Amino acid sequence: MKVLHIARNVPIKSLRGNPVILDLINRLSQAGIVNKLAFPAEYIPSFSFLRGRPRIFSELKGEFNIGGLEVLFVNFIRIPGRWSFLFSRFYFNKKKLDKFSEGVNCIHAHYIIPDGLVAYELAKNKNIPYIVTIRQGDLDRINKLKHGDCSYKQYEKVVSNAAFLLAINPNIANEIKRIFQKNCITIPHGVDKSLIEYGIENRIHKKIIVAAQFIKRKNIDWVIKVFNSMTDQGISNYTLTIIGEGELENDLKKLASGNDKIIFKPWLPKKELMGEFLLSDIFIMPSDQETFGMVYIEAAAKNCLIIGKKDTGVDGYFENEKNALFISTVGELEIVIKKILLGLIDIREMQNLGTILVEKNMTWDKVTSNYIKLYHKAIANVQNQ
């Protein structure tokens, strides 16, 4: 089977992006799927005076190779404002994409816009199916649009004509059902099964950990405020380790100043971060509008009890008060943490049930198998028409 992935948000050259998409493609390759990647990139002429992101995009032309993966940049015109992707279905190198996609059996667009628009046009011309993954960024843009305008109709067209819709979490699936009356299949991200460790029996390290970008929507200040409150009340025998970097670093450190039980660390290599999780009891990230949050399942794989925000991220995969805890406000977080510190919540059982869930449903072997089954089903549906 040959699959063409269409994805704009991947780390390529000096652009930051979502490494999970490349991880998935790599795992599919290991399972015997032949993969190619088309990268929709806005067309920017090459001028010597360009700097920063415009300079990078001016170089995204032609073909490229990432670790053996063939990549074609699909260049389109992007305009400023709410209709920025209005013309993304009109791309300059249509003939190159047509040749690049020869022999493809299925197309997987990893966002609705612009990825899905390219997939829609290509699938229509070649009579092959396309699948669309829907992420939080898609929902955020859809919710800003009026239902009658051109941009909204673009989203509607891509969603309506896809062979299958994929949602990264159940809450996104529910929103798509509400907006478009279309069902989504939910497939989570995956971790390598070698990460699964239950730790020492009955271990309690008295350690809470946070690992996130220091940006507003991660709500790390909530955790610090609650921890400070517990310390002031004299009921905190835990330490709090905060790992990350970002624009709010000085503000967060100022908020934590005077509490010697709060430790800050910069971003760590993955192996070291996994070691930190294994030596921790509770992972907290009360993040807003999280598409998934790989760090949740990485922490759960290392037997941490995870605490996240309701109706986002991994809420819906994990069950509140069974194998995880989900809160909506800083007040709710304080209540939960206080109960844990006072021994009113048995975290050991939830830790183990969380790790069992990851081991059963969220290893790459399981996730990759689910994708391959879906590709086969999409192809079979077209052949039977």
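Determine if segment 300-314 includes at least one residue that is touching a residue at least 40 places away in the same chain (Cβ under 8 Å) and part of a helix (DSSP H, G or I).
Looking for residues that are touching a residue at least 40 places away in the same chain (Cβ under 8 Å) and part of a helix (DSSP H, G or I), one finds at least one in segment 300-314, hence yes.
Scan segment 139-164 and report the pairs whose first residue is under 15 Å from Val118 (Cβ atoms) and whose second residue is basic (Lys, Arg) and buried (at least 17 other Cβ atoms within 10 Å of the Cβ), with Cβ atoms within less than 8 Å and a gap of 6+ or a chain change.
Qualifying pairs under 8 Å: Gln154/Arg89; Tyr155/Arg141.
Residues being under 28 Å from the mean Cα position of the chain (by Cα), under 15 Å from Ile284 (Cβ atoms) and not basic (Lys, Arg): count how many of those fall in segment 207-261.
21
So in segment 151-179, with the set limited to residues that are open to solvent by less than 20 Å² (accessible area, probe 1.4 Å) and among the aromatic types (Phe, Trp, Tyr), which one is nearest to Thr291 (Cα to Cα)?
Tyr155
Select from segment 322-356 the residues that are part of a loop (DSSP other than H, G, I, E, B) and at pLDDT 95 or above and write down the one among them that is farthest from Ala167 (Cα to Cα).
By that ranking, first place goes to Thr329.
Which residues, counting only those in segment 216-238, are surrounded by 15 or more Cβ atoms within 10 Å (Cβ to Cβ) and either of a type in the set (Phe, Trp, Tyr) or out of contact with any Lys or Arg (no Cβ under 8 Å at 6 or more places or on another chain) (or both)?
Lys218, Ile220, Asp221, Trp222, Val223, Ile224, Lys225, Val226, Phe227, Asn228, Ser229, Tyr238
Regarding Ile185, is this residue on the phi < 0 side of the Ramachandran plot and modelled with pLDDT of 95 or more?
yes
How about segment 115-143: which of its residues are part of a strand (DSSP E or B) and either in contact with a Phe, Trp or Tyr (Cβ under 6 Å, 6 or more places away or on another chain) or hydroxyl-bearing (Ser, Thr, Tyr) (or both)?
If the condition is that a residue be part of a strand (DSSP E or B) and either in contact with a Phe, Trp or Tyr (Cβ under 6 Å, 6 or more places away or on another chain) or hydroxyl-bearing (Ser, Thr, Tyr) (or both), then Tyr130, Ile131, Thr133 are the ones that fit.
Looking at Glu175, is it assigned to a helix (DSSP H, G or I) and not polar (S, T, N, Q)?
yes
Taking the condition under 14 Å from Ala212 (Cα atoms), assigned to a loop (DSSP other than H, G, I, E, B) and open to solvent by less than 60 Å² (accessible area, probe 1.4 Å), does Phe292 pass?
Taking the combined requirement at face value, the residue satisfies it.
Among (1) in contact with a Pro (Cβ under 6 Å, 6 or more places away or on another chain); (2) over 18 Å from Tyr375 (Cβ atoms), there is one condition Leu145 misses while meeting the rest; what is its number?
That leaves (1) as the condition not met.
If the requirement is being more than 30 Å from Ser29 (Cα to Cα), among the acidic types (Asp, Glu), within 18 Å of the chain's Cα centre (by Cα) and open to solvent by 10 Å² or more (accessible area, probe 1.4 Å), which of these qualifies: Asp346, Asp315, Asp311?
Asp311
State whether the residues of segment 198-208 include one that is β-branched (Val, Ile, Thr) and either modelled with pLDDT of 95 or more or surrounded by 20 or more Cβ atoms within 10 Å (Cβ to Cβ) (or both).
Looking through segment 198-208, at least one residue is β-branched (Val, Ile, Thr) and either modelled with pLDDT of 95 or more or surrounded by 20 or more Cβ atoms within 10 Å (Cβ to Cβ) (or both).
For segment 3-114, which fully contained strands (runs of 3 or more DSSP E) count at least 1 residues that are at pLDDT 90 or above, of a type in the set (Asp, Glu) and within 29 Å of Asp192 (Cβ to Cβ)?
69-76
The values are calculated or read from the model by the stated rules, or taken from the named source; none is laboratory data. This one's a predicted model, so the numbers in the text were calculated from it and none came from an experiment. Glycine gets a Cβ as well: all are built from the backbone with ideal geometry, and neighbour counts include every protein chain shown. Calculation scope for accessible area: heavy atoms of the full protein, side chains included, ligands and nucleic acids excluded. Shrake-Rupley method; radii C 1.70, N 1.55, O 1.52, S 1.80 Å.
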